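Novice: Pasting a structure here, questions to come.
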Amino acid sequence: MVGRHGRSLSPGLGIMKILWPSLLTVLTPLATSMTSAGESWRQPDPVAVKRWQDLRFGMFIHWGPVSLTGHEIGWSRGHQVPLEKYDNLYKEFNPVKFNADEWVRIAQAAGMKYMVLTTKHHDGFCLWDTKFTDYNIMNTPFRRDVVKELSDACKKQGIAFGAYYSVTDWYNPNWPVTSPAGKVKRAKYDLDAYEKYLQNQITELITQYGPLITIWNDVPAMYGKERGERTIALVRKLQPDILINNRTGAGGDYDTPEQHIGSFNMTRPWESCMTISAHNHWAWGGATDGVKSLAACLQMLIRGAGGNGNVLLNVGPRPDGVIDPEQAGRLKEIGDWLARYGESIYATRGGPYQPAQHLVSTRKGDTVYLHILAWPEDTLHLPALPAQIVKSTVLTGGSVDVKQTPAGLAISLPAAHRQPIVTVIALKLDRSALSLDPIPIPGSAQPSEVKQP
């Protein structure tokens with residue numbers, strides 16, 4: 001049996017399935033015809049966008065055979081892990097402790113409302129029972145469809161499920177390069193054939209594991225804008241209310257800042273993907289990897305919502321299928337905070353105050369939520385609100401004195417009631433908080449990234 005680069009695969013895999021059956025002759029013409037049909041496929045369903053924005057907090061999962069090594073998924077192939085060894089790790093991958101219901105339970109305990117799994121990363125390994133390559137989970141000792149089990153568990157427990165699918169595939173013989181950064185180029189490749197492969201796999205994911213909240217593409221370099229447009233058109237045809245990120249090669253419905261919190265934006269949806277790992281690893285980084293502090297994690301979440309974006313916080317499960325207890329413990333602490341103060345995060349929009357070093361605000365209905373991260377002085381001064389405050393409440397406990405004048409707000413809180421990570425104050429207004437224009441805070445700017453305290 002001949003596999004990638006002509007190397008033999010292990011006995012029992014059968015005939016390699018990087019093949020192009022008759023279904024492929026249908027998909028590409030379909031997507032092409034949609035591209036020319038008024039291009040209505042470009043616009044996301046506004047109801048779906050709102051639904052996704054209301055969730056605010058999700059779990060990202062990077063996992064696969066590479067977890068056996070403690071090195072990064074995809075990017076370690078041919079670097080920290082020799083290529084030949086990397087491509088054969090699947091023969092040893094047997095995560096017997098994997099429990100989809102437990103993963104979803106951990107996400108729920110963290111207050112996460114959706115989950116996105118790396119169904120296929122840049123290394124080409126597929127975590128579902130795909131019919132288009134044998135390089136998949138069913139040909140490991142484990143032989144269980146991880147995508148199906150997680151999709152079913154999410155449906156059962158009421159969490160939305162999304163699929164990360166890398167456009168780049170260094171394993172596939174029809175992709176132009178074989179390694180990170182394009183250092184090794186193939187003499188022969190066929191992007192038309194690869195596009196058919198991609199379309200068929202995305203079709204499998206949407207039709208067999210959906211409905212999906214999102215298709216999360218990645219690293220579209222070398223794929224091309226026209227191919228990306230056909231991908232978007234196909235996805236919209238298969239599931240009109242799905243959201244598509246901006247890594248298709250042809251735009252998308254929302255932006256994806258990586259390892260930093262996005263800038264305040266009330267018009268363009270965004271989602272920051274961040275890691276819980278103290279060393280910013282996506283996949284399992286080993287027993288000494290550690291986790292970010294609770295303060296750092298809460299700041300990610302608060303600054304995300306305050307900038308009017310979502311946060312997709314990544315975990316890297318162990319090779320045995322267990323989410324590391326230290327990661328799960330930190331997630332539970334985040335969830336405990338959200339259980340108390342989640343009204344200031346879920347279904348909110350950013351503003352009206354634009355994020356600052358010491359303060360982040362969100363809003364919902366007639367209420368503005370102030371998340372005070374530091375007190376520069378005993379009294380916090382803010383620019384004027386063009387609405388009357390009718391009630392002020394300290395959600396984190398205590399009583400607050402809010403003086404409102406045409407010049408601004410003066411907020412005083414006894415030191416004993418100021419929380420070490422964040423103090424949350426709700427200001428009820430005499431009108432819709434969403435009707436207020438964004439208000440900058442002079443002399444302060446949002447940090448470009450959240451630092452580990």
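Novice: Give region 383-393 a look and list any residue that's part of a strand (DSSP E or B) and either farther than 19 Å from residue 365 by Cα or in contact with a Leu (Cβ under 7 Å, 6 or more places away or on another chain) (or both), or say none.
Specialist: Residues satisfying the conditions are 389, 390, 392.
Novice: So how many residues does region 428-439 have that are crowded, with 17+ Cβ neighbours inside 10 Å and either over 17 Å from residue 354 (Cα atoms) or modelled with pLDDT under 95 (or both)?
Specialist: Count: 1.
Novice: Here are 96, 81: which of them is β-branched (Val, Ile, Thr) and under 20 Å from residue 145 (Cβ atoms)?
Specialist: Going through 96, 81 in turn, the sole match is 96.
Novice: How many of the residues in region 399-427 are buried (at least 16 other Cβ atoms within 10 Å of the Cβ) and over 19 Å from residue 303 (Cα atoms)?
Specialist: Qualifying residue count, region 399-427: 6.
Novice: Quick check on region 259-267. Is at least one of its residues at pLDDT 95 or above, in a strand (DSSP E or B) and either farther than 24 Å from residue 131 by Cα or not assigned by TED's automatic domain parsing to the domain that holds residue 311 (or both)?
Specialist: No, region 259-267 contains no residue that is at pLDDT 95 or above, in a strand (DSSP E or B) and either farther than 24 Å from residue 131 by Cα or not assigned by TED's automatic domain parsing to the domain that holds residue 311 (or both).
Novice: Further question on the same structure: Could you check region 190-206 and list, in sequence order, the residues that are touching a strand residue (DSSP E or B) at 6+ places or on another chain (Cβ under 6 Å) and either of a type in the set (Asp, Glu) or more than 15 Å from residue 126 (Cα to Cα) (or both)?
Specialist: Within region 190-206, no residue meets the criteria.
Novice: Now for a separate question. Please tell me if residue 425 is at pLDDT 95 or above and part of a loop (DSSP other than H, G, I, E, B).
Specialist: So residue 425 fails the test.
Novice: Okay, moving on. Can you name the residue in region 207-262 that is touching a strand residue (DSSP E or B) at 6+ places or on another chain (Cβ under 7 Å) and of a type in the set (D, E, K, R) and, of all such residues, is surrounded by the most Cβ atoms within 10 Å (Cβ to Cβ)?
Specialist: 247
Novice: What about residue 79, is it at pLDDT below 95, in the same structural domain as residue 306 (by TED's automatic domain parsing) and assigned to a loop (DSSP other than H, G, I, E, B)? Spell out the reasoning first.
Specialist: On the way: at pLDDT below 95: yes; in the same structural domain as residue 306 (by TED's automatic domain parsing): yes; assigned to a loop (DSSP other than H, G, I, E, B): yes.
Judged against the criteria, residue 79 is a match.
Novice: Would you pick out the residues in region 82-119 that are of a type in the set (Asp, Glu) and either surrounded by fewer than 20 Cβ atoms within 10 Å (Cβ to Cβ) or in a loop (DSSP other than H, G, I, E, B) (or both)?
Specialist: 84, 92, 101, 102
Novice: Kindly indicate which of 187, 250, 193, 221 is more than 15 Å from the chain's Cα centre (by Cα) and assigned to a helix (DSSP H, G or I).
Specialist: 193
Novice: Do you know which residues across region 250-290 are closer than 21 Å to residue 352 by Cβ, of a type in the set (A, V, I, L, M, F, W, C) and in contact (Cβ under 8 Å) with a residue 60 or more places away in the chain?
Specialist: 261, 264, 266, listed by residue number.
The values are calculated or read from the model by the stated rules, or taken from the named source; none is laboratory data. Note that the structure is predicted; figures quoted are calculated from it, not measured. For neighbour counting, all protein chains shown are included, and Cβ atoms are generated from backbone atoms with ideal geometry for every residue, glycine included.
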